[in-house]
Amino acid sequence: MSQHIPAMPDRSSWILSAIPAAQSKAHSLRATPALLDEIVRVATQGPWLPTQESLARHEQLSTPAWFGRDKFGIFTHWGLYTVPEFANEWYSRNLYIQGTDEFKHQIDTFGAHAEHGYQSFIPLFTAQKFNAHEWLDAFAYAGARYYFPVAEHHDGFQMYASRLSHFNAVEMGPKRDIIGELREATLDHGMHFATSSHRAEHWWFMSHGMEFDSDIRREAEANTNTERGGNLDGFEYRGLKHGSFYWPAMPEPASHMDMQSKPYPSDEYLQDWLMRTCEIIDSYQPEMLYFDWWIGHEAFKPYVMLMAAYYYNRAAQWGRDVSICYKENALPWGAGMMDVERGGYNQAMPFHWQTDTSIAYNSWDYTSTLEYKPAGEIIRTLINVTSHNGNLLLNVGPRADGSLAQKDRDILHTIGSWMKVNGEAIYDTIAWKESDEGPTPAHSGSFNEAAIDYTSADIRFTSRAGIVYASVLAPAGGVGPEHLHRSVLPEIITVKAYREYRDEDHSPFHGVMWRVSILGDPQNADLPFTRDSEGLHVQVDDALARMRAAGTLITSDEDVLPVVLRLEEK
């Protein structure tokens, strides 16, 4: 296959040299070498090229204007792995690991692995209660401005129409274009549509099924094509055919964080990953793409760069403002949006970022044993993230039948009720000169999100149009049900960042206060205040009483939710 590549910087020649020409015989069911030709053509035609120098040179790739404004999105994990509603979204892997709860559950509930493996869930996944517009009604009410459904998870079942594999939701299972329906509903609700691919990890995700008598092992042993077996990077394997649902089921790395682990993904697998991703791009035109961590593996590098250039060049044709959401160092700095899974930063950062977390501590998909987070904890996470120059992507796991569980709906409704009163302090804001005040910092780093007992002295700041918003994280004095029914809320809220400016104490604010109010006050009254060396002291008792009577002092089953002061200067 001939490829006509425009002249590119010498430093970047390795990117394209690492992409071998497709063989005349395409292994995938319906792919042709022309698909790879087209990907390379678009990726190298500009304005972006698959090079570090090109992709990292423009800041707008990192933060689309809409993303910086909208702050809050919803993520959904839903697929075959939801069918058992058991443990978590890694059920497809763990059911093949002998000795695990999932292994035992599979046998007890569905039958022996040889006859009732993961693939047997496909006809059970009918999505009989799925209604895309009902989902988006709930997400929009919660205040989300953008939406990320998972297009393909590690299990390899595509939730969209595909020319590259028969194992997709249009041809099997629900026989509906799930991603297409969700995209339409998202746009109908005036929200931004994005999507995610977790396909990279499929290289090894189903590998444990090769270790005992399972449907995966039986399929591999029945494969008489000896070319599909052999030795790869010192690992003996019996191969599955490209086009099999379980392919390739290669040995799982000893460490998931080893970005040079062996066996390396093969060119055949990497080309398939690239084509699947570009198919999503062309079919659904997402405004952001999210990838899990394993695209950072060294073997993926040239393919990720090609994909990024392809996506950004397609977006230029569409006239869309897009970006790629990635983890760790999967892309050159500045070429996409940094994501921190289940964590964040405990101070304002000089770059925009996102954290993705779930409505439950213990799973990304729906299970019967979810440990839900309180709505107040999620709202405080949103406030922390926004004040630190980030966005929150909150995951909800629909049930196997396509409905949203009542507990999920209740939490989303509480978040939405709070956002209707206080969203002014979230949307279209920027970080202020001080992000935090008080004794209790947020957590920092990934996978670090234990509940925090904030106090009424813990305040976070954002700003918009010259107005500063001071969000008081725990106005009742603490977090938890013991504070919910307190008859006495604070009379005074003190904001130390607005203390008097003195020669010996240069406070962050050195100006003249004009007006202080509190979001949700039905009278929108000017609140009495004084300033001294200790801070700005705002009298809030009457306003909080009015809010409680009007229902704008939002509470949940757990506690009194944050309140927001609106600080205006002359």
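The values are calculated or read from the model by the stated rules, or taken from the named source; none is laboratory data. Fair warning: this is a prediction, and the values are worked out from it, not measured in the lab. Neighbour counts run over all protein chains shown; Cβ positions are idealised from the backbone, glycine included. Only protein heavy atoms, including side chains, enter the accessible area calculation; ligands, DNA and RNA are left aside. Shrake-Rupley method; radii C 1.70, N 1.55, O 1.52, S 1.80 Å.
Remarks
- Residue under evaluation Trp353, criteria (1) aromatic (Phe, Trp, Tyr); (2) open to solvent by 20 Å² or more (accessible area, probe 1.4 Å); (3) at pLDDT 95 or above, criterion not met: (2)
- The range 412-448: number of residues that are open to solvent by 40 Å² or more (accessible area, probe 1.4 Å) and outside any strand (DSSP E or B): 12
- Any chance Pro253 is crowded, with 21+ Cβ neighbours inside 10 Å, out of contact with any helix residue (DSSP H, G or I) (no Cβ under 6 Å at 6 or more places or on another chain) and not charged (D, E, K, R): no
- Members of the range 59-116 that are among the acidic types (Asp, Glu) and open to solvent by 40 Å² or more (accessible area, probe 1.4 Å): Glu59, Asp101, Asp108, Glu115
- Residue that is modelled with the highest pLDDT, among those in the range 228-253 that are at positive phi and more than 27 Å from the chain's Cα centre (by Cα): Gly243
- Residue satisfying condition, being more than 20 Å from Trp418 (Cβ to Cβ) and modelled with pLDDT of 95 or more, within set Ala470, Ala525, Ala550: Ala525
- Of Thr462, Thr381, Thr386, all but one fail to be open to solvent by 30 Å² or more (accessible area, probe 1.4 Å) and outside any loop (DSSP other than H, G, I, E, B); the exception is Thr381.
- Qualifying residue in the range 265-281 (condition: modelled with pLDDT of 95 or more, out of contact with any strand residue (DSSP E or B) (no Cβ under 6 Å at 6 or more places or on another chain), open to solvent by 40 Å² or more (accessible area, probe 1.4 Å) and not in a helix (DSSP H, G or I)): no
- Filter result (touching a Lys or Arg at 6+ places or on another chain (Cβ under 9 Å) and of a type in the set (D, E, K, R)) within the range 100-149: Glu102, Lys129, Arg145
- Residues that are open to solvent by 20 Å² or more (accessible area, probe 1.4 Å) and among the charged types (D, E, K, R) were ranked within the range 294-341; the one that is nearest to the chain's Cα centre (by Cα) is Glu341.
- Checklist (1) more than 19 Å from Ser435 (Cβ to Cβ); (2) in contact with a strand residue (DSSP E or B) (Cβ under 7 Å, 6 or more places away or on another chain); (3) polar (S, T, N, Q); (4) in a helix (DSSP H, G or I) applied to Asn313, failing item: (2)
- Among the residues of the range 525-540, those that are open to solvent by 50 Å² or more (accessible area, probe 1.4 Å) and in contact (Cβ under 8 Å) with a residue 24 or more places away in the chain comprise Arg531, Asp532, Glu534, Gln539.
- When Gln128, Gln119, Gln158 are checked against the criterion of being farther than 20 Å from Glu219 by Cα and open to solvent by 20 Å² or more (accessible area, probe 1.4 Å), a single residue qualifies: Gln128.
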